[in-house]
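Here is the structure we will look at, set down as structure tokens.
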Ligand code: NAP
């Protein structure tokens, strides 16, 4: 077996610590070689506070995983790609469609791999759901994605600023599953409930459909205390499929399927290894396109101020 590819992790915050570091440690394909973060350090590896300094000091580190917020990721990705590194992007891959398309062109020009990750697509019930839906006619889809922002995003001011996505930060996870299961969905209307003191919505309702006449309704809400809801119900001509817990569980007509263990980020790094080996680009913009269209055609409604 070949040596693992050395990888640098950039933006050492919640998701880097919760998921990326443990998954890289388990990965046979990657070895964590450096951390890049202005304020935080990763134990046991060389740490840098500046990406450019890291790129010039460590030419042996051939892959870079960017875990910073989306609005600060583009310039970092450009630097890493120009330095010939294979690049993995946390979701959402950028703050705009245009900048991610530019990154794709740059990666192709430099012949490096670029992976726009959608971790929820690697949730254990998503592939079984896709298989179950094969050959069935989807009639309608209902998404309910409700969580407590204070619990899951404490202190993350960036998430409320322009380019931070607000409630679409979790909502886009649902849309990444939707677009993996239902073809060619587009937005027909949206309501964006936005606190008076914030730039991004705290809740959103989306109406969508596709060319086959499938109606899709989605409700995202960050004000949910108590039990949290991350569910998708898909009604077909042959029964109803329900994904719950963000794609971790699946039931058909109320009967639960056997649950597989959660391994979303292990799946992402396995996929990134394939892309690195073949220098391919894997960038699917369809979830981001839905969010962008919701902002384009959505009606903004002011709601009460949000204070953490
Ligand atoms: P976070 O806890 O705020 O960490 C992001 C880190 O990026 C910060 O700790 C910061 O470290 C660095 N950073 C660099 N430029 C920054 C800037 N302009 N503003 C703020 N931080 C900056 O965020 P996170 O929850 O890990 O989320 C990061 C990305 O992962 C997001 O795209 C998010 O959607 C995605 N994600 C998050 C979760 C989750 O459960 N939290 C799950 C899946 C995906 P330094 O200050 O040390 O540079």
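Taking the chain as the reference, fit the longest principal axis to its C-alpha atoms, fit the long axis of helix 97-110 to the helix C-alpha atoms, and give the angle between the two in degrees, 0 to 90, nearest 10.
Roughly 40 degrees, rounded to the nearest 10.
Can you work out the FRET efficiency for the pair residue 106 and residue 271, with r the C-beta to C-beta distance and R0 = 30 Å, to the nearest 0.05?
0.90
Hey, for a label at residue 240 modelled as a point 7 Å past Cα toward Cβ, could you say which residues of the range 99-130 have their backbone N under 19 Å away?
So the set is 129-130.
For the range 1-68, rounded, prolate or oblate, judged on the Cα gyration tensor with a ≥ b ≥ c (square roots of eigenvalues), a/c < 1.5 rounded, else prolate if a/b > b/c?
Numbers: a/c = 2.06, a/b = 1.15, b/c = 1.79.
The shape class here is oblate.
Helix 286-297: angle to the longest alpha-carbon principal axis of the chain, degrees 0 to 90, nearest 10?
Approximately 60 degrees, to the nearest 10.
I need the shape label for the chain. Rule: rounded when a/c is under 1.5, else prolate if a/b > b/c, else oblate, with a, b, c from the alpha carbon gyration tensor.
prolate
Going by how many other beta carbons lie within 10 Å of each one, how would you line up 211, 175, fewest first?
On the way: 211 9, 175 28.
Ascending number of Cβ neighbours within 10 Å: 211, 175.
Please work out the Cα center distance from the range 61-121 to the range 131-194, rounded to the nearest Å.
Each part reduced to its Cα centre gives a spacing of 21 Å.
Return a whole-number percent for the relative contact order of the chain, with Cα pairs under 8 Å and 6 or more residues apart as the contact set.
Values: 637 pairs, mean separation 62.2, N = 308.
Relative contact order comes out at 20 percent.
Please give the helix 73-82 orientation as an angle from the longest Cα principal axis of the chain, in degrees from 0 to 90, rounded to the nearest 10.
The answer is roughly 40 degrees.
Using 7 Å Cα-to-Cβ label points, what is the residue 53/residue 97 separation (nm, one decimal)?
Output for this residue pair reads 3.9 nm.
Tell me what the chain gives for mean residue ellipticity at 222 nm when only DSSP H runs of n ≥ 4 count, each as -39,500 (n - 2.57), the sum divided by the residue total, rounded to 500 deg cm²/dmol.
-8500 deg cm²/dmol, from helical runs alone.
Per-residue counts of other Cβ atoms within 10 Å, averaged by peptide: what ranking do you get for 144-153, 61-70, highest first?
Going by the mean number of other Cβ atoms within 10 Å, highest first, we get 61-70, 144-153.
Is the shape of the range 94-137 best called rounded, prolate or oblate, per the rule: a/c under 1.5 gives rounded, else a/b larger than b/c gives prolate, else oblate, with a ≥ b ≥ c the square roots of the Cα gyration tensor eigenvalues? Walk me through the intermediate numbers first.
On the way: a/c = 2.71, a/b = 2.63, b/c = 1.03.
Prolate, because a/c is 1.5 or more and a/b exceeds b/c.
Quick check: pseudo-label points 7 Å beyond the Cα along Cα→Cβ at residue 2 and residue 207, how many nm apart are they?
5.2 nm
Please report the antiparallel percentage of the DSSP beta bridges confined to the range 5-116, to the nearest 5.
0 percent
Throughout, read-outs are computed from the coordinates displayed, never taken from laboratory work. All values reported here derive from a predicted model rather than from experimental measurement. Methodologically, a virtual Cβ is constructed for each residue, glycine included, from the backbone with ideal geometry; neighbour enumeration extends over all protein chains shown.
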